[in-house]
Amino acid sequence: MYDYLISGGTIVDGSGLPRYQADLAIVGDRIAAIGKFPNAVAARQIDARGLIVAPGMVDAHVHGDLILFHDPTHEAAIRQGVTTYIIGQDGVAMAPAGPKTLDYMRRYTAAFNGNYPTPGLDWQTLEEYLNCFNNRVGMNAAALLPNGNIRMEVMGLEKRPPTATELKQMRHLVREGMEQGAVGLSSGLDYIPSLYADVAEFVALCEEIAPYNGVYVTHMRGYTPAAYLTAMEEVAQISLGANCAVHISHFNSVASMVIPKMDEMQARGVDLTFDLYCYLFGSTLLNMLCLPQEVQSGGIEATLERLRADDIRQRMRGWMDNPRFDIRKIILGSVPAAQFQHLEGKTLTEAAADTGLAIPDLIIELLLATQLATNGICPHQPGRNDQDIVALMRDHRMMAGSDGIYVGGHPHPRGRGCFARYLGHYVRNGAWTLEQAVMKCSRHPARRHGLHDRGLLAPGCAADIAVFSATEIQDHAMFEQPNLLATGMHHVLVNGIPVLQEGVMTNSLPGKGLRRTF
């Protein structure tokens, strides 16, 4: 007898192969069989006639490190069929972390991770952190080791290369984290202290993940046309030096520039993939967008002290004379300070007019009032357009990652729309077939991160399953209304337990902290 029988649906199994009609049977948390079972007996049955039955989607890059504890049913993702998050991104995250590191990372990343309280939960090691997810959240989480955490545990926020002794300690922490089930190592080369690491340091740390088939996942040192090739060459040097797989995060780029470079890297033996979200705006810390790195040196308190200095406003005007992009167009996504919260959703130009402050003064006041926890939504570089998104989507190295942020009253819409947009809009307009979309959103990211029993419908695989209408799946979140949920998802099961049933959230919490498998 089966626990569940999903009958009459169209199977799109995540492999990229053509769809087919079949029933799917579940026992416990596993897929038991796929085929035609007209006489099967099951405790519960799901009628999937006219619907697509697919593996649960795996979000390759998302900031779900604390939001899953704060919002455990996490409807924003479930409504898109997402059942697994890859967290620990950008080299600055939540584990491993002693008390001092965790306090810093909570506050430093508050503008994209949210400094949500976690009462009753305590962790320092990655293993302890992953265990916190078990049956407390509605979906699964797998984690990368953030190199900024590793660095801070050994040498604080020091802006220098590690000594031989320090590097040995860092290597030990990476090896320990991999043994506890990490899927790889992440870096964020715009974020402190991750940005202080150099190629030699990354090669040494990646030598520790290579024996476990871990992947080095990087927010590169540059995402502008002037910086792409140099940043990508750094990625290549790390891969070749450590003999490990590499993965570029949120590769928002001009396709004609970067695809030839990726081809060249691959010809040299670099095992390379990347993730992408389907929007032309990004979102991150306002201080990272607007302040020079030297102003942020030393961490939060040091940065705030500099922002209070008498000459800072004049210097700020000088910095804005040559910004990386048009700062005036930044949209305020999260402003956790009562006197400025009404500015969420406004551009800096609109917010300056609202407050009567010049933009440089406004930025300083926002960062001081929120202790650097202001989130900004920023346009990508000029000249990039939807054709670049489609060209990169069609590259064989691409997989889906929302870079979802769930902080503030006006977040980037990608957290509530990216996967539904891939499965709906981009399939219906012909950019992908449905089979390609499901593969890019499930099996490809699962396989890349060593989650070999996820992202695929096959006997023995985990029963993470999404049942949806191919004609109805639709994103609704937009920059004007970013909190609108996706529609068209009928059922979602996580580890064999329904979290969405006939379009209604069940409030079940069957999620797990996942470990890399070999």
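The values are calculated or read from the model by the stated rules, or taken from the named source; none is laboratory data. Just so it is clear, the model here is predicted, and its values are computed rather than measured. Ideal geometry is used to build each Cβ from the backbone, glycine not excepted, and the neighbour counts take in all protein chains shown. Surface accessibility is based on the protein's heavy atoms, side chains included, excluding ligands, DNA and RNA. Shrake-Rupley method; radii C 1.70, N 1.55, O 1.52, S 1.80 Å.
For the reader, a short list of remarks on this structure follows.
- Listed peptides 352-363, 229-240, 281-292 by packing density, highest first (mean Cβ within 10 Å): 281-292, 229-240, 352-363
- Think of the stretch 90-222 as having a plus end and a minus end, set by charges on the Cβ of Lys, Arg, Asp and Glu; of L102, F112, F133, F112 sits farthest toward the positive end of this dipole.
- Note on the stretch 1-156: with charges restricted to the Cβ of Lys and Arg (+1) and Asp and Glu (-1), its dipole about the Cα centre is near 260 debye.
- Length released on extending from D29 to N213, taking residue separation times 0.36 nm less the Cα-Cα span: 63.7 nm
- Sorted from longest to shortest, the spans of the Cα atoms of the stretch 210-325 along the three principal axes equal 53, 33, 23 Å.
- Estimated dipole of the stretch 16-99 in Debye, rounded to 20 [Cβ of Lys and Arg +1, of Asp and Glu -1, Cα centre]: 500
- Two-site FRET efficiency, R394 against R328, from Cβ-Cβ distance with R₀ of 35 Å, rounded to 0.05: 0.55
- Rounded to 0.05, the FRET efficiency of the T349 and K159 pair, given R0 = 45 Å and the Cβ-Cβ distance, is 0.85.
- Cα gyration tensor shape for the chain, rounded if a/c is under 1.5, else prolate or oblate: prolate
- 1.4 Å probe accessible area per residue over the stretch 326-383, in Å²: 37
- Listed residues Y422, T355, Q89: farthest to the positive end of the dipole of the chain (Cβ charges): Y422
- Using a Förster distance of 45 Å, the FRET efficiency for L484-L357 (Cβ separation, nearest 0.05): 0.90
- Selected from A76, L205, L24, residue furthest toward positive end of dipole (the chain; charges at beta carbon): L24
- Rounded to 5, percent antiparallel among DSSP beta bridges of the stretch 181-338: 0
- Where the alpha-carbon atoms of the stretch 149-239 are placed on the principal axes, they occupy 37, 29, 18 Å, in descending order.
- The dipole here belongs to the chain: it is taken about the Cα centre, uses +1 on the Cβ of Lys and Arg and -1 on the Cβ of Asp and Glu, and is about 620 debye.
- The chain - mean residue ellipticity at 222 nm from DSSP helices (-39,500 (n - 2.57) per run, n ≥ 4, rounded to 500): -9000 deg cm²/dmol
- Listed pairs K261/K512; K168/K261; K100/K168; K36/K512; K346/K512; K159/K440 exceeding 29 Å between Cα atoms: K261/K512; K168/K261; K36/K512; K346/K512; K159/K440
- Distant-in-sequence amide contacts of G282, defined by a placed amide H-H separation under 5 Å and a gap of 5 or more residues or a different chain, comprise C378, H380.
- Where labels lie 7 Å past Cα in the beta-carbon direction, separation of R221 and M257 in nm: 1.7
- Based on C-alpha pairs under 8 angstrom that are at least 6 apart in sequence, the chain has a relative contact order of 23 percent.
- Peptides 419-428, 11-20 ranked from most to least packed by the mean count of surrounding Cβ atoms within 10 Å: 419-428, 11-20.
- For I87, the residues whose amide H sits under 5 Å from its own are A142, A143, L144, ignoring neighbours fewer than 5 places away on the same chain, with H placed 1.01 Å from N.
- Accessible area in square angstrom per residue, the stretch 1-64, 1.4 angstrom probe: 41
- Computed over the stretch 185-321: relative contact order in percent, which uses C-alpha pairs under 8 Å that are six or more apart: 21
- Apportionment of accessible area to carbon and sulfur, the stretch 62-145, percent (1.4 Å): 46
- Between H452 and T517, the built amide H atoms are under 5 Å apart, and every one of these is 5 or more places off in sequence or on another chain.
- The value of relative contact order for the stretch 347-472, using C-alpha pairs under 8 Å at least six residues apart, is 14 percent.
- In a fully extended conformation the segment linking H172 and F37 would gain 43.5 nm over its present Cα-Cα distance, using 0.36 nm per residue.
- Of the accessible area of the stretch 400-454, computed with a 1.4 Å probe over protein heavy atoms only, carbon and sulfur atoms account for 47 percent.
- One decimal place: the segment E301-N135 gains 56.1 nm when fully extended, by the rule 0.36 nm per residue minus the C-alpha distance.
- Label-zone membership for the stretch 185-213, site T230, 7 angstrom Cα→C-beta point, backbone N under 20 Å: 187-192, 194-203
- Semi-axes of the equivalent ellipsoid for the stretch 118-190, computed as √(5λ) from the eigenvalues of its C-alpha gyration tensor and ordered from largest down, come to 26, 13, 12 Å.
- Net charge, S194 excluded, C-beta distance under 11 Å - Lys, Arg +1, Asp, Glu -1: -1
- Spin-label pair N507-Q339: with each label point 7 Å from Cα along the Cα-Cβ axis, the two points sit 4.0 nm from one another.
- The residues of the stretch 406-518 have, on average, 33 Å² of accessible surface per residue, using a 1.4 Å probe with all protein chains present.
- Using the Karplus relation 6.51 cos²θ - 1.76 cosθ + 1.60 with θ = phi - 60°, the per-residue 3J(HN,Hα) values for the stretch 213-218 come to 6, x, 10, 8, 10, 10 Hz, with x marking Gly and Pro.
- Couplings 3J(HN,Hα) for the stretch 272-279, derived from phi with the Karplus relation 6.51 cos²θ - 1.76 cosθ + 1.60 (θ = phi - 60°), are 10, 9, 8, 10, 8, 10, 9, 9 Hz, where x marks Gly and Pro.
- Calculated from backbone phi, Karplus (6.51, -1.76, 1.60) coupling profile of the stretch 27-36 in Hz, x at Gly/Pro: 10, x, 9, 10, 6, 8, 6, 10, x, 9
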